[in-house]
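Step one of this worksheet: look at the structure below.
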Amino acid sequence: MYERRAYITEVYRNELARKVRGLGYEIESQRNAKGVDNGFEIKGISRDVLERYSQRSDQRDESIRQFAAEHGRQPTDNEVAVLVRESRPDKLHEISSAEVHRLQVDRISSQEHANLLDLRERSIERSQTFIPEIAPAVQSLQHAEEHLFERKTVSKDHEFMTEALRHGRGKLDLAELRGSYEFEVAQSKLLQVGGNVATQTSLERERSMVAAVDHGIHRYPALGGNDHFEPKASLRLEQRHAVETILASQDFAVNLRGAAGTGKTATLQEIDRGLHAAGHEVLAVAPTRSAVEELQKVGFGSSMTISRLLEDQTAQESIRGSVLIVDEAGMVSGRQMEGLLDLARREDARILFSGDTRQIQSVESSDALRILERESRMTSVSLTGIQRQSNPEYREAIETFRQSPDQGFAKLQDLGALREVPYTERAKAVAYVYREMTAEPGRKVLVVAPTHEEIGRVTQAIREDLKQRSVLGDGETLQRHIPLQWTEAQKKDISNYQPDQVLVFHRASHGIEKHEALTVTGVSGSSIHTMNERGEDKSVSLTQARSFSVYERTEIEIAAGDKLLLMGNRKEPGFRATNGELTTVRSVEGGIINLEDGRSVPTNYREFTHGYAVTAHRSQGKTVDQVIISADVMKQELFYVAASRGREGIAIVTSDVERLGQSLGVSMARPSAIELANEISQSKQSLEHNAGMNPKQVIEALKPPRDMGFEQGIGLGF
């Protein structure tokens, strides 16, 4: 519902912007520091004047604060819409137009009034010769495709059209945009059924992946060779079975599937030993640097990230005839999976996947391992016996949750893990539990929360408690960089860049050094004007977008004793950091952060934050003694990952147990292009089957579910 409202809003904004431009005014889209769209304003009106005439946001925020204080929780999207409507002040019906005009003019100075009159005069002159500029609809559709399908394979049709309208705001003819969309569907460049849409490119990639795996079934000698290999006696029965099954595989690709904490690492070590005994060279890869470091700690010394392997020609040549172990394979995207499969076939290598599709998926589009498990004939052998949790009841609850979230959540309740407190007291309650759990020296405790807003509240409460107990020393206020997580399409849109944003280059480009941070000062044409730390002006082209990421600059207080989360990879003489690494501050001196392990954080490394609470995504791969979850709403996979991090115990702090339990029934599993194509095929078969029906009966038979998007599909919905 929220996304459909967004579409209707963008239709309205586009038409309004076209009319405003027709009156001779120029418009400019408004975005906040994070690049989030805030509609448009008339160019030439100062920010101060706009704020004086825009009081609704303050009224909305105050209504939300009052709701939270009264109900002990944040309002839902639908409740926010009601609050906005109810907080609108009554109009003054007994007032003349002249009086309204006088009250409006009284809000601004005489100079500001003169500027507005001058802007109106210039717009009247411009309108007399104004020729409407109509932007090609295909360009906006291409932008929407690049933006949305970078991180998902299937999108809602109204979400797709909303993004296209934002891109071409005020310059798009809605009928032309609809026509261009329907033409792409008719040409099968876009696949559309019900309210869902995907690209033909995604479908071809997924089918190519499945074909590569299926083509390699029973085409190779056994991975373990002809000699018998005896796994270690310390392995559990199911681990021994997994080792034997995989070493007996005669396929191009085989899959070791295991839940969190089931001993996949120990199993992989034995498989690695068996592969070497059979004369194979082995290379382990993983999607993240932190996962690679875990592999290196357990004996896979030459392991590397998937991105490095796919970019490094020397590394690619080194795997010829080898076995490629892909760890954390559930987080591999479709693009990376296609690259790995193509590389392995080209170098006559074979692949062993190790992962769990019930945990968190890739940030990029396509849940590749889930697609292979579902659509191909690849052999998968599973580990189910969880070993991480030392508390039997805790372990049983996690095992149950994996199969039945409702029953698993109930077992956690029976365990006494849940604490229900009013929303306004939740952060302090988490801080109290954190104090209890960290009372024993050396115990590792991690808080997991679903949003950065919640993380901020929890972190503040924990640090205040630590200060009161003198655990933290005096702090220094430092600058840090928070990633905005823009897609490539967003980085190529010049209108997204705002002054004070920071561009950090992860590779050298046109005279700009690797790791150099540039502050945005303005834009013109297709150039971003920036300044480096030495005060030198630098011009950055949109063609360099793949070389940098965009950040927001904020302040943070760091004190001796603080837990720190490092958020960027760095490897240079004297300093090495891994994205997702948790560490502790020994001291802060003159803006330099010294860590307890002896490292000093360079002044040009600003990608860090407090490390007391993290998102579930950040928690994946970590093991701690105790875990605390702070949430009212959490999707199934996120909760499972968070809840399974602890060895000894878990505490769940919420202001609404019932609401949290209901939210766990919602899965993050993303539909694939193959699944969408299958729906289209089934629809065609239904049409053929129902050929004897009258037209009205056929329409009723094929009408998509109401929750898939517009009731009658794209043509009728828009």
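The values are calculated or read from the model by the stated rules, or taken from the named source; none is laboratory data. Worth saying up front: this structure is predicted, and the values here are computed from it rather than measured. Methodologically, a virtual Cβ is constructed for each residue, glycine included, from the backbone with ideal geometry; neighbour enumeration extends over all protein chains shown. The protein model used for the area step is the full one, side chains on, heavy atoms only, and it has no ligands, DNA or RNA in it. Shrake-Rupley method; radii C 1.70, N 1.55, O 1.52, S 1.80 Å.
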Take the residues of region 367-401 that are in contact with a Leu (Cβ under 8 Å, 6 or more places away or on another chain) and in a helix (DSSP H, G or I): which is farthest from Gln636 (Cα to Cα)? Glu393
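Where in region 478-544 are there strands (runs of 3 or more DSSP E), lying wholly inside it, with at least 1 residues that are β-branched (Val, Ile, Thr), open to solvent by 40 Å² or more (accessible area, probe 1.4 Å) and at pLDDT 95 or above? Don't jump to the end; show me each part of the working.
Values: elements: 502-505, 517-524, 527-531, 537-541.
Correct list: 517-524.
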Here are some residues: Ser318, Ser322, Ser290, Ser302. Which one is open to solvent by less than 50 Å² (accessible area, probe 1.4 Å), of a type in the set (Gly, Ala, Ser) and either modelled with pLDDT under 95 or under 18 Å from Gly355 (Cα atoms) (or both)? Ser290
Which residue is surrounded by the fewest Cβ atoms within 10 Å (Cβ to Cβ), if the candidates are limited to region 12-43 and must be of a type in the set (Val, Ile, Thr) and closer than 18 Å to Ile494 by Cβ? Val36
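Within the group Gly35, Gly24, which residue is farther than 16 Å from Arg120 by Cα and either touching a Leu at 6+ places or on another chain (Cβ under 8 Å) or not acidic (Asp, Glu) (or both)?
Details: Gly24 fails: farther than 16 Å from Arg120 by Cα.
After ruling out the rest, the residue left standing is Gly35.
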Give the residues of region 354-396 that are farther than 24 Å from Gly216 by Cβ and touching a strand residue (DSSP E or B) at 6+ places or on another chain (Cβ under 8 Å), sorted by residue number. Thr384, Arg388, Gln389, Ser390, Asn391, Tyr394
Restricting to region 513-548, what's the tally of residues that are free of Cβ contacts under 8 Å to residues at least 12 places away in the same chain, in contact with a Ser or Thr (Cβ under 7 Å, 6 or more places away or on another chain) and small (Gly, Ala, Ser)? 0
Which members of region 262-287 meet the condition of being open to solvent by less than 20 Å² (accessible area, probe 1.4 Å), small (Gly, Ala, Ser) and within 33 Å of the chain's Cα centre (by Cα)? Ala284, Ala286
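Which of the residues that make up region 480-512 are more than 24 Å from the chain's Cα centre (by Cα) and not hydrophobic (A, V, I, L, M, F, W, C)? Full working, then the answer.
Taking region 480-512 and keeping what is more than 24 Å from the chain's Cα centre (by Cα), we get 499, 508-512.
Correct list: Pro499, Ser509, His510, Gly511.
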Which numbered condition Asp342 misses (of (1) at pLDDT 95 or above; (2) surrounded by 24 or more Cβ atoms within 10 Å (Cβ to Cβ); (3) not aliphatic (A, V, I, L, M)): (2)
Which of the residues spanning region 452-466 are without any contact (Cβ under 8 Å) to a residue 12 or more places away in the chain and either among the hydrophobic types (A, V, I, L, M, F, W, C) or open to solvent by 60 Å² or more (accessible area, probe 1.4 Å) (or both)? Glu453
Do we find a residue being touching a strand residue (DSSP E or B) at 6+ places or on another chain (Cβ under 6 Å) and assigned to a helix (DSSP H, G or I) anywhere in region 613-622? yes
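Within region 617-639, take every residue that is over 30 Å from Pro441 (Cβ atoms) and not β-branched (Val, Ile, Thr) and give me the one that is surrounded by the fewest Cβ atoms within 10 Å (Cβ to Cβ).
The first filter runs over region 617-639 and keeps only residues over 30 Å from Pro441 (Cβ atoms), leaving 632-638.
Next cut, not β-branched (Val, Ile, Thr) only: 632, 634-638.
On the way: Asp632: 20, Met634: 25, Lys635: 17, Gln636: 19, Glu637: 23, Leu638: 25.
Per the stated criteria, the residue is Lys635.
I need the full set of residues from region 171-228 which are on the phi < 0 side of the Ramachandran plot and among the hydroxyl-bearing types (Ser, Thr, Tyr), in order please.
At the first step, the residues of region 171-228 found to be on the phi < 0 side of the Ramachandran plot are 171-187, 189-193, 195-217, 219-224, 226-228.
Ser180, Tyr181, Thr199, Thr201, Ser202, Ser208, Tyr220, listed by residue number.
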Can you tell me which residue is least open to solvent (accessible area, probe 1.4 Å) among those in region 201-241 that are free of Cβ contacts under 8 Å to residues at least 24 places away in the same chain and either touching a strand residue (DSSP E or B) at 6+ places or on another chain (Cβ under 8 Å) or among the charged types (D, E, K, R) (or both)? Arg240
